[in-house]
Amino acid sequence: MASPDIHVVILAAGQGTRMKSRLPKVLHRMGGKPLIEHVLRTAETVNPTTVTIIVGHGADMVRDSMGTRPNVSYVLQEPQLGTAHALQQAESTLSRSTGTLLLLSGDVPMLRPSTLQRLATTHQGAGAAATVATAIVERPYGYGRIVRTKGRIARIVEERDASPAVRQIREINSGIYAFDLRPLFDALRGIAAQNTQGEYYLTDLVAIYRRRKLPVETLLVEDPQEIRGINSRTELAEVSRIVRQTKNEELMAAGVTIIDPATTYIEPDVEIGPDTVIHPGVAIQGQTRVGAACEIHSYVRIVDSQIADKVVIQDFCLILGSRIAENATVGPFAHLRPETVVGDGAKIGNFVELKKTTLGPGSKANHLSYLGDATIGAKVNVGAGTITCNYDGTSKHPTVIDDGAFIGSDSQLVAPVRIGKDAYVAAGSSITEDVPPGALGIARGRQTNVADWVERRKTQAKD
Ligand code: UD1
Ligand code: CA
């Protein structure tokens, strides 16, 4: 028998009062991505027929940040009267659907795809009307408690409404459920807002189903970290730390040396090859790939970049949207801005900034340079203090430096300009015209030495 359709609803309308933020809670970031993005990615692993996100507080912000995606629709919950009320808003989009509804919370970002899959199969296998994912935790404070009679789930009681005895229960509601769609929306109408918060609690559905003799199951999630909800900035920091730790452990298991995992910030999508060494205080973010046998020294941040094998990045570099080829060395204190390409074995030294610039294989820019909109060939030497003057106040212009050229120190290359193959630029030149291949371009005031000037000045002073 083919398994029934799966539909996903994600609750993301709440304000997240405890975050004390103007940003909707689900847009706060963990591991570089908004919380809701993590939840949506997990949802997509079960190939749902539809995904509905319930938005409310900051609805436009949430929609804009997610962009348009196939199969994902948004429903506005206004005002926000509780989790049951939130789910009710999906009725119009799901009224014709049958099968299983997986309900996820936009503020529970660490759920594993395998757990979600298990929730669906357990629920469908048992033929349940509802299956609640639960966990046993040391500190159940703040969560709804699972009250059982004769071993079976009888109801869920929210912290605020719980008696001291119920507060002792350590089995908690994760806020993640599987529902059979058929009885769901009708039953939701039976939920009242009779609780300390005056909200419509989805958790009341359990008692309603039990009264109607509909089967309710639970799925115990073994690792309670997976279902941790984020309600405050402290929880956001704690959960982020767990995500980082998991990533660091994965990388170390795959052969990466991380000298101090506690101060290493590697986002989940980053890939790193074996025998690469990561020093303390490094952040590697976004869609970044670092090859094997690289060394990334302290206080480097790399974002959305491709770094090949055996690259050395010295301390305090910022590398954004760049590509660095094998055996290159960069830094300390280098700034690689987007669309920078560093060739095989090339060297970028201290206080060098590159933007939209290609530095060819074996080329060097070792000290104090700005190279922007430049195409630099192989084996070029860019002397200390070289600047490409790429901007005339209105437009940007390109600089081309061909293979083997030598740019003397403290030169300005006023773009658009081309320095030919093997050409030399004399130190201190302001180059405004192309230098042909093999030529020496010299553009500076001539030096004059005034003989005996010092002696003559002394004599004048005495007179
Ligand atoms: C909820 C559960 C609780 C469970 C906990 C797990 C209820 C009543 N309580 O409590 O049993 O232990 O999650 O994390 O369901 N939301 C809306 N619209 C609303 C209200 C909330 O979309 O009107 C969304 C929120 O944005 C959030 C999710 O629903 O993503 C959960 O709401 P929240 O207020 O955080 O519930 P908890 O108090 O954490
Ligand atoms: Ca919550």
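Can you find a residue in segment 66-74 that is among the charged types (D, E, K, R), more than 8 Å from ligand 1 (Cβ to nearest atom) and at pLDDT 95 or above? For segment 66-74, residues among the charged types (D, E, K, R), more than 8 Å from ligand 1 (Cβ to nearest atom) and at pLDDT 95 or above: absent. Taking the conditions exactly as written (farther than 16 Å from ILE227 by Cβ, within 22 Å of the chain's Cα centre (by Cα), assigned to a helix (DSSP H, G or I) and not hydroxyl-bearing (Ser, Thr, Tyr)), does VAL62 satisfy them or not? It is true that VAL62 is farther than 16 Å from ILE227 by Cβ, within 22 Å of the chain's Cα centre (by Cα), assigned to a helix (DSSP H, G or I) and not hydroxyl-bearing (Ser, Thr, Tyr).
Against the numbered list (1) among the β-branched types (Val, Ile, Thr); (2) in a loop (DSSP other than H, G, I, E, B); (3) more than 13 Å from ligand 1 (Cβ to nearest atom), THR93 comes up short only at (2). Against the condition within 16 Å of ligand 2 (Cβ to nearest atom), surrounded by fewer than 23 Cβ atoms within 10 Å (Cβ to Cβ) and under 29 Å from the mean Cα position of the chain (by Cα), how does HIS85 come out, does it pass? Answer is no for this residue.
If you scan segment 162-181, which residues turn out to be assigned to a helix (DSSP H, G or I) and either among the small types (Gly, Ala, Ser) or in contact (Cβ under 8 Å) with a residue 60 or more places away in the chain (or both)?
ALA165, LEU181 - these are the residues of segment 162-181 that are assigned to a helix (DSSP H, G or I) and either among the small types (Gly, Ala, Ser) or in contact (Cβ under 8 Å) with a residue 60 or more places away in the chain (or both).
Of the set (1) within 16 Å of ligand 2 (Cβ to nearest atom); (2) over 24 Å from the mean Cα position of the chain (by Cα); (3) at pLDDT 95 or above, all apply to LEU188 but (1). Within segment 191-213, if we keep just the residues that are surrounded by 13 or more Cβ atoms within 10 Å (Cβ to Cβ) and within 16 Å of ligand 2 (Cβ to nearest atom), the residue that is nearest to LEU94 (Cα to Cα) turns out to be LEU202.
Just one of (1) out of contact with any Leu (no Cβ under 9 Å at 6 or more places or on another chain); (2) under 19 Å from LEU35 (Cβ atoms); (3) surrounded by 23 or more Cβ atoms within 10 Å (Cβ to Cβ) fails for GLY144. It is (2).
If only one of ARG182, ARG155 is surrounded by fewer than 17 Cβ atoms within 10 Å (Cβ to Cβ), within 26 Å of THR115 (Cα to Cα), more than 31 Å from the chain's Cα centre (by Cα) and not hydroxyl-bearing (Ser, Thr, Tyr), which one is it? Don't jump to the end; show me each part of the working.
Values: ARG155 fails: surrounded by fewer than 17 Cβ atoms within 10 Å (Cβ to Cβ).
None of the others qualify; the one that does is ARG182.
Only one residue in PRO48, PRO4 is away from ligand 2 (no atom under 16 Å from the Cβ) and modelled with pLDDT under 95, so which one is that?
After ruling out the rest, the residue left standing is PRO4.
Annotation note: of LEU94, LEU103, LEU11, the sole residue that is of a type in the set (A, V, I, L, M, F, W, C), closer than 23 Å to PHE185 by Cα and surrounded by fewer than 21 Cβ atoms within 10 Å (Cβ to Cβ) is LEU94. Just one of the numbered conditions (1) more than 19 Å from THR52 (Cβ to Cβ); (2) under 38 Å from the mean Cα position of the chain (by Cα); (3) modelled with pLDDT of 95 or more is not true of GLN197: (3).
Taking first residues from segment 88-113 that are closer than 24 Å to ALA59 by Cβ and without any contact (Cβ under 8 Å) to a residue 24 or more places away in the chain and partners that are more than 16 Å from ligand 2 (Cβ to nearest atom) and outside any helix (DSSP H, G or I), the Cβ contacts under 9 Å between residues at least 6 apart in sequence or on separate chains come to SER92/VAL75.
Under the condition of being in contact with a strand residue (DSSP E or B) (Cβ under 9 Å, 6 or more places away or on another chain) and closer than 24 Å to VAL243 by Cα, the residues counted in segment 16-30 number 6.
With respect to (1) surrounded by 20 or more Cβ atoms within 10 Å (Cβ to Cβ); (2) in contact (Cβ under 8 Å) with a residue 24 or more places away in the chain, the lone exception for GLN225 is condition (1). Among the residues of segment 205-242, which ones are assigned to a loop (DSSP other than H, G, I, E, B) and either away from ligand 1 (no atom under 13 Å from the Cβ) or under 15 Å from LYS25 (Cα atoms) (or both)? Once the filter is applied, which keeps residues that are assigned to a loop (DSSP other than H, G, I, E, B) and either away from ligand 1 (no atom under 13 Å from the Cβ) or under 15 Å from LYS25 (Cα atoms) (or both), segment 205-242 yields ARG212, LYS213, LEU214, PRO215, GLU222, ASP223, ARG228, GLY229, ILE230, ASN231, SER232.
Before we move on, is ARG18 surrounded by fewer than 18 Cβ atoms within 10 Å (Cβ to Cβ) and either within 16 Å of ligand 1 (Cβ to nearest atom) or hydroxyl-bearing (Ser, Thr, Tyr) (or both)? Quick ask: steps written out before the conclusion?
Working: surrounded by fewer than 18 Cβ atoms within 10 Å (Cβ to Cβ): yes; either within 16 Å of ligand 1 (Cβ to nearest atom) or hydroxyl-bearing (Ser, Thr, Tyr) (or both): yes.
In short, yes.
The values are calculated or read from the model by the stated rules, or taken from the named source; none is laboratory data. Bear in mind the structure is a predicted one, so any value in this text is a computation, not a measurement. Counting neighbours? That spans all protein chains shown, and the Cβs are built from the backbone with ideal geometry, glycine included.
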